[in-house]
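**Student:** Mind looking over this structure? Questions follow.
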Amino acid sequence: MSPRRTVGASLALGALVALTGCGGGETKVMSLAEMADRSLTYALTDVDDAETPDAQGAHRFTVSYSVTGDGPCSRFADDVTATLNGAAMTVVPGGASSVGGRSGACENSRVYFNYDPEAWGREPVGDITVQLQDATSTVRLVLQNAKAKRRFVFQGEGTPDKLRVGQTYEFRWEPATEVPGPVEALLLREGGRAPGQLAVTQDGVKVRLPIPANTPQANHTLTLGADLSGVMSECSGVASCSGAIYHSQDFVLSVVP
């Protein structure tokens, strides 16, 4: 992963896998009804990375069950299915795992959907409805207006591929119906290893950032990123639901006098 990537992006790109101690590495197949006392965590990842635009998980919606700290590891039964707005999701059953060299650990039961960012950009903003089913129960999660391609759009004169030292530039978050925050801006010189963090002034969906006067005149990558909580209208079949939406976007540019 690029050294400019923030901690928030690193977490968002993860598979929402929690590894905790469990009963001797044992696995118990459980129905959705038996997992009704668990919580769900969702993550919508929308990472437009100039270096690796097709990175695995960059445009993904994941729903993950919590892991208990005692007892055997839970695993989805074979008849569990999941859909996002009617489209099939990938089911990861979970269970005992040795990921990271830890024996006797539990891996979350989870489902995910890799969406097409270009298609979401063409389509109108809409709700995300996730439904898991088996012979015993139905679990539903509905997020209002979460199905959207998020963008930072350059505002004002000029173009975002050529920024001048000492100048301040404005970007606008879309869709404008939601307010992210706080927005983080990182500037990494071509061939550099440590990005510099820019001072950001945010007013709702509008973001202003200065290019410091001492910025080297060279090619750079500007990364803007922010997260926000979705508006949940339904969470049924489990104890609770929570999560976040994360978007970051790269601009490859030249810093000029």
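All of the numbers you see were taken from the coordinates with simple rules; none came from a lab. Given the structure is predicted, the values throughout are model-derived calculations rather than measurements. Cβ atoms come from the backbone with ideal geometry, glycine included; neighbour counts cover every protein chain shown.
**Student:** With a point put 7 Å past each Cα toward its Cβ, work out how far ALA55 is from SER236 in nm, to one decimal.
**Tutor:** In this crude label model, ALA55 to SER236 measures out at 3.8 nm.
**Student:** Using only alpha carbon pairs under 8 Å that are at least six residues apart, calculate the relative contact order of the chain and give it in whole percent.
**Tutor:** 23
**Student:** R0 = 25 Å: FRET efficiency of ARG140 with SER229, Cβ-based, nearest 0.05?
**Tutor:** Working: r = 18 Å, r/R0 = 0.74.
Computed FRET efficiency for ARG140 and SER229 comes out at 0.85.
**Student:** Averaging over every viewing direction, what projected area does the convex hull of the Cα atoms of the stretch 151-223 cover, in nm²? Before the final figure, lay out each step's value.
**Tutor:** Details: hull surface 19.6 nm².
Reported value for the Cα convex hull: 4.9 nm².
**Student:** Which of (1) 39, 21, 14; (2) 30, 27, 17; (3) 26, 22, 18 is the computed semi-axes √(5λ) of the Cα gyration tensor in Å for the structure on display?
**Tutor:** Derived directly from the coordinates: (1).
**Student:** What net charge do the residues around GLY237 carry, taking every other residue with its C-beta under 13 Å from that of GLY237, with Lys and Arg at +1 and Asp and Glu at -1? Mind dumping the intermediate values first?
**Tutor:** On the way: positive: ARG38, ARG140; negative: GLU34, ASP37, ASP134, GLU234.
Net of charged neighbours comes to -2.
**Student:** Same structure again: Can you compute the charge dipole magnitude of the chain about its Cα centre, using +1 on each Lys and Arg Cβ and -1 on each Asp and Glu Cβ, nothing else charged? Give it in debye, rounded to the nearest 20.
**Tutor:** 560
**Student:** Another question, then. Based on Cα positions only, what radius of gyration and what Dmax would you give for the stretch 46-188, in angstroms?
**Tutor:** Rg then Dmax for the stretch 46-188, in Å: 19.9, 63.
**Student:** Of THR221, GLY192, TRP173, whose Cα points farthest to the positive end of the dipole of the stretch 151-223 (charges on the beta-carbon: +1 Lys, Arg; -1 Asp, Glu; origin at the Cα centre)?
**Tutor:** Farthest towards the positive pole: GLY192.
**Student:** Order the peptides 31-38, 108-115, 44-51 from the highest to the lowest mean number of other Cβ atoms within 10 Å of their residues. Please list the in-between numbers first.
**Tutor:** Values: 31-38: 17.1, 108-115: 22.0, 44-51: 20.5.
Highest-to-lowest ranking by the protection proxy: 108-115, 44-51, 31-38.
**Student:** Further, regarding this structure: Mind ordering 220-229, 116-125, 84-93 by average Cβ neighbours within 10 Å, highest first? All intermediate terms of the calculation are to be shown ahead of the outcome.
**Tutor:** Details: 220-229: 22.1, 116-125: 12.0, 84-93: 14.5.
The peptides rank, most packed first, as 220-229, 84-93, 116-125.
**Student:** Oh, and also: With Cβ to Cβ distances under 11 Å as the rule, what net charge do the other residues near ALA226 carry (K, R +1; D, E -1)? Show your work: numbers first, answer last.
**Tutor:** Details: positive: ARG150; negative: ASP46, GLU178, GLU184, ASP227.
Net local charge, ALA226 excluded: -3.
**Student:** If R0 is 41 Å, what FRET efficiency do you get for GLN197 and ASP70 from their C-beta distance, rounded to 0.05? Please list the in-between numbers first.
**Tutor:** On the way: r = 41 Å, r/R0 = 1.01.
Efficiency for this residue pair is about 0.50.
**Student:** Using just the helices of the chain, give the 222 nm mean residue ellipticity in deg cm²/dmol: DSSP H runs with n ≥ 4 each add -39,500 (n - 2.57), and the total is spread over all residues, rounded to 500.
**Tutor:** Values: 2 runs with 13 residues, N = 257.
Estimated from H runs of four or more residues: -1000 deg cm²/dmol.
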